[in-house]
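**Q** Before we start, here is the structure in question, set down as structure tokens.
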Amino acid sequence: MQIYNSLTFQKEVFEPIKKNEVKIYWCGPTVYESPHLGHMKSAVTLDLIHRYFKFNGFKVKQIKNYTDIDDKIIARSQELNKDYREIAEKYIQEYEKMMDALNIFEDTKNPRATEVIPFIIKFIEKLIEEGHAYEQGGSVYFAVNSFPKYNSIMQNISEDALDEEEDYSSDQDTAYGQDKRDPKDFALWKKMKEGEPYWDSPWGKGRPGWHIECSAMALNFLGETIDIHGGGQDLKFPHHRNEIAQSESYTNKEFAHYFVHNGFINVNDEKMSKSLGNYFLISEIIKEYDPMIVRWFLLTSHYRSSINYSLENMEQAKKSYNRLINTIKKVNEIEVLNENTEASKELINAILSTRSIILNALDDDLDTPKAVAELLSLFREINKVILQKAKPITHKFKETFFEFINEIDALFGIFPDLDSKISKISGIYTEEAEKTIKELVKILQETREQLRNKKLFDLSDQIRNKLRELGIDIEDKKIS
């Protein structure tokens, strides 16, 4: 498998630290609000990685954290006059409910930042001892200049350009503190302010910074060096850079061999954000769409690319997903022959070819757009043979088809409770209904030919496009 490594700006062959085992740390949500579609983009990306490795025989040890204490949570608790723990617990429960709805594999562990406070204190003490951190007025800061490669982490531009472009005040831990030695230094431990939650430490009452929390959870639960560290693209700077700096200063070892980042959710071609008012909670979206349609929609774009959320795109995802379910239903319930047929042989070969192309696509940095396109193409061909050409199928084809469907579900997680889902599409699929559908398709084909002969191409194309939405392709012959 090749995977794009944000550390080197290129695809690399994945080589695990330990054979047939992969250790992954993924930055989970800061639990001060209800989960939105951006959270699901990140969660589905991680789930795709998890499923891919599991499919290929790897043992997956996967940690995804909850940031349950930071500036945003404290601000929300003060705004609502509620204990920060109550705020965190509410949104953790909401997040986990959405994970179940979208058929996300369970992580090995979901630690909370507040669980590792003793380790964070130990972590900071060593950084101070090694000259990588210093205490000022009850707070502790990481000394950026003590880590020589700090400015080059995940940067493909010069240090001069970096200094000009970056706004360090946008980071809650870098913006904190007026008594730092260097404006780039960031807080590891924040002195308690009145009314804030706190823990006792060698530097007085306070709480950890955001960046140190993730480093501590990764090291505590996965060890000093991990295979993959990941999260949203917006976490590259400063969060993941700061994690690398403090973690490698603590261990004197490489923190993670690969960094993986997923793209954003855009809404009508603008990045989704509260300030723009284009903010969509996943709980609201799944009231309108089957969660598997949402999952399918997210898989239609590459994990590293941003995807544009719009009603039009969701409706398109709904149509294509329902075409898959309809085809599975047809194959499941259509009458089969015992002897082999040429049509079934060709379809079996098409399935095996598609399987190979999909696996090769996933081997190439999890190229789901190519995999999705191949899957839809196969299903169009199956529909054409079964409905348009009315060819009989065999037990061997049916067996091969459903083995393939099980593999697709294992990789993409898009067909949970399949028996229940296909039974709800259109009721019992009888032989008489099959005959009626074939006759209707034949009538529509004849009608299109008549329209084309009269040069009424717009109407003819409308019928063709509607048939395609149902998974039925019609090839037009040239009109002389």
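The values are calculated or read from the model by the stated rules, or taken from the named source; none is laboratory data. Because the structure is a prediction, the values reported are computed rather than measured. As a convention, Cβ positions derive from the backbone with ideal geometry for all residues, glycine included, and neighbour counts pool all protein chains shown.
**Q** Check Ile358, Ile351, Ile325 and return the single one that is surrounded by 14 or more Cβ atoms within 10 Å (Cβ to Cβ), of a type in the set (A, V, I, L, M), in contact with an Asp or Glu (Cβ under 7 Å, 6 or more places away or on another chain) and within 23 Å of Asp409 (Cα to Cα). Step through it out loud before you land on a result.
**A** Numbers: Ile351 fails: in contact with an Asp or Glu (Cβ under 7 Å, 6 or more places away or on another chain); Ile325 fails: in contact with an Asp or Glu (Cβ under 7 Å, 6 or more places away or on another chain).
Answer to the check: Ile358.
**Q** Follow-up. Scan the stretch 220-241 and tell me whether some residue there is surrounded by 19 or more Cβ atoms within 10 Å (Cβ to Cβ), aliphatic (A, V, I, L, M), modelled with pLDDT of 95 or more and touching an Asp or Glu at 6+ places or on another chain (Cβ under 6 Å).
**A** No, that holds for no residue.
**Q** Now, a different point. Could you check Leu311 against (1) in contact (Cβ under 8 Å) with a residue 24 or more places away in the chain; (2) closer than 22 Å to Ala101 by Cβ and say which number it fails?
**A** Exception for Leu311: condition (1).
**Q** Which residues, taken from the stretch 368-409, are among the charged types (D, E, K, R) and touching a strand residue (DSSP E or B) at 6+ places or on another chain (Cβ under 7 Å)? Write out each step before concluding.
**A** Filtering the stretch 368-409 down to residues among the charged types (D, E, K, R) leaves 370, 374, 380-381, 384, 389, 391, 396, 398-399, 403, 407, 409.
Result: Lys398, single match.
**Q** What's the total number of residues in the stretch 191-216 that are over 19 Å from Tyr25 (Cα atoms), small (Gly, Ala, Ser) and at pLDDT 95 or above? Working first, answer last.
**A** Step one: list which residues in the stretch 191-216 are over 19 Å from Tyr25 (Cα atoms), which gives 191-208.
Still in the running and small (Gly, Ala, Ser): 195, 201, 204, 206.
This time we only want the ones that are at pLDDT 95 or above, so: 201, 204, 206.
Matching residues across the stretch 191-216 total 3.
**Q** May I pose another question? For the stretch 249-271, which residues satisfy the criterion of being crowded, with 21+ Cβ neighbours inside 10 Å and either β-branched (Val, Ile, Thr) or not in a strand (DSSP E or B) (or both)?
**A** Ser249, Tyr250, Phe255, Val260, Ile265
**Q** What are the pairs with Cβ atoms under 6 angstrom where one residue, in the stretch 236-247, is in a helix (DSSP H, G or I) and the other, located anywhere, is among the acidic types (Asp, Glu)? Sequence gap at least six, or different chains.
**A** Sorted first by the residue in the stretch 236-247, then by its partner, the pairs are Pro238/Asp171.
**Q** Quickly run through the stretch 286-299 and pick out the residues that are surrounded by fewer than 19 Cβ atoms within 10 Å (Cβ to Cβ) and more than 15 Å from His36 (Cα to Cα).
**A** Asp290
**Q** Out of Pro238, Pro202, Pro183, Pro208, which single residue is within 30 Å of Leu37 (Cβ to Cβ), assigned by TED's automatic domain parsing to the domain that holds Ala75 and touching a helix residue (DSSP H, G or I) at 6+ places or on another chain (Cβ under 7 Å)? So that I can check it myself, show each step before the final result.
**A** Numbers: Pro238 fails: touching a helix residue (DSSP H, G or I) at 6+ places or on another chain (Cβ under 7 Å); Pro202 fails: within 30 Å of Leu37 (Cβ to Cβ); Pro183 fails: within 30 Å of Leu37 (Cβ to Cβ).
Checking each option against the conditions leaves just Pro208.
**Q** What tally of residues in the stretch 1-59 results from selecting those that are touching a residue at least 60 places away in the same chain (Cβ under 8 Å) and basic (Lys, Arg)?
**A** Qualifying residue count, the stretch 1-59: 5.
**Q** Sticking with this structure for a sec: Only one of Val336, Val372 is farther than 30 Å from His39 by Cβ and in contact (Cβ under 8 Å) with a residue 24 or more places away in the chain; which? Before the answer, list the steps.
**A** Values: Val372 fails: farther than 30 Å from His39 by Cβ.
Exactly one of Val336, Val372 is farther than 30 Å from His39 by Cβ and in contact (Cβ under 8 Å) with a residue 24 or more places away in the chain, namely Val336.
**Q** Ok, one more. Could you please tell me which pairs satisfy a Cβ distance under 8 Å, a separation of 6+ or placement on different chains, a first residue in the stretch 115-126 that is basic (Lys, Arg), and a second residue that is at pLDDT 95 or above?
**A** Lys126/Tyr250
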